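Accompanying notes for the structure given below.
Read-outs throughout are calculated quantities, based only on the coordinates presented, and are distinct from any laboratory measurement. Fair warning: this is a prediction, and the values are worked out from it, not measured in the lab. Note that we place each Cβ from the backbone using ideal geometry, even for glycine, and neighbour counts take in every protein chain shown.
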Amino acid sequence: MGIPDLVAFAGHRVHVCRYREAGVLLRWLGRDLRGQVVVDVAGGDGYWAGQASRRGARAVSIDLARAKMARGSRLRLPPALVEGDALRLPVRDASVDKVMSICAIEHFDDGAAALGEMSRVLKPGGELVLSADCLSRRAEWPALFEAHSRRYDVRRTYTHECLAELLAQSGMDIREYTYQFRGRGAERGYLMLSAHGGRAGFNAAAPLIPVVWLSDTHRPDDRGSIVLVRARKRDS
């Protein structure tokens, strides 16, 4: 493993949110992806698309951030890296088996249009796995939420219910969903890390992963900081 791979590993996996979040989405994608085309929308440096490649997929990461893509090109086993807009994906209709998107839709100007594009490129019966900011208790800490939104350019937050409505409009149905950082304390901690610690704070808090996981197991799975959904495109 070279230095670019070590840096990417530390940035993506040594992270109090992303480790579990991406792990669930990859589990939903499946362990054996041989012969399948997987597209990661707003995939940055392509690290997580690269994990799909390791499972046999023909993986493509699409993003507009050239600097991130340049870093991704130096990984030992990079996926295909394509410059493109999530609202106008440079992909043919019904040509993709699975789409992944990790905490990206909340940054888009038009989340509904992005979901429509993801549905467009999927084959009938294809699956979408994505995560998004929910921050269900954000009204309790408006200053923290404002700082979070400003730092990360968050345009909108999502629940599984509103995602279900938007996906249905694009011919997709949610098969399952889950939340992370479900408890009140966990949500506040998430916002505090974001507002005051930023990316370095999320990385430094990685040892808390098992604590957050244990807390989540004792809370109802209907609210939290991050929502994850798995959806399927209708056959008709």
What the 10 Å binned alpha carbon P(r) of the range 61-135 shows, as percent of pairs per bin from 0, is 18, 49, 30, 3
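Determine the relative contact order of the range 103-188: mean sequence separation of Cα pairs under 8 Å and six or more apart, normalised by residue count, in whole percent. Intermediate results must be reported in sequence, preceding the final value.
Working: 58 pairs, mean separation 32.4, N = 86.
Dividing the mean separation by the residue count of the range 103-188 yields 38 percent.
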Full extension between residue 67 and residue 221 adds, at 0.36 nm per residue less the Cα distance, a length in nm of 51.8 nm
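Before rounding to the nearest 500, sum -39500 (n - 2.57) across all DSSP H runs of length at least 4 in the chain and divide by the residue total; then give [θ] at 222 nm in deg cm²/dmol. List each step's numbers first, then the result.
Working: 10 runs with 95 residues, N = 236.
Only helices count here, giving -11500 deg cm²/dmol.
Rounded to the nearest 5, what % of DSSP beta bridges with both residues in the chain are antiparallel?
Details: 16 of 33 bridges.
Counting DSSP beta bridges with both partners in the chain, the antiparallel share is about 50 percent.
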One finds the C-alpha centres of the range 1-66 and the range 174-236 to be spaced, in Å, by 18
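Which length gain, in nm to one decimal place, applies between residue 156 and residue 176 when the Cα-Cα distance is subtracted from 0.36 nm times their residue separation? Walk me through the numbers on the way to the answer.
Values: separation 20, 0.36 × 20 = 7.20 nm, distance 2.15 nm.
Stretched out fully, the residue 156 to residue 176 stretch lengthens by 5.0 nm.
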Kirkwood radius from Cα pairs of the chain plugged into Stokes-Einstein at 20 °C, 1.002 mPa s, gives D in µm²/s equal to 120
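About the Cα centre, and with charges only on the beta carbon of Lys, Arg (+1) and Asp, Glu (-1), how big is the dipole of the chain? Nearest 20 debye, please.
Values: 36 positive and 28 negative charges, 137 e Å.
Once rounded to the nearest 20, the dipole reads 660 debye.
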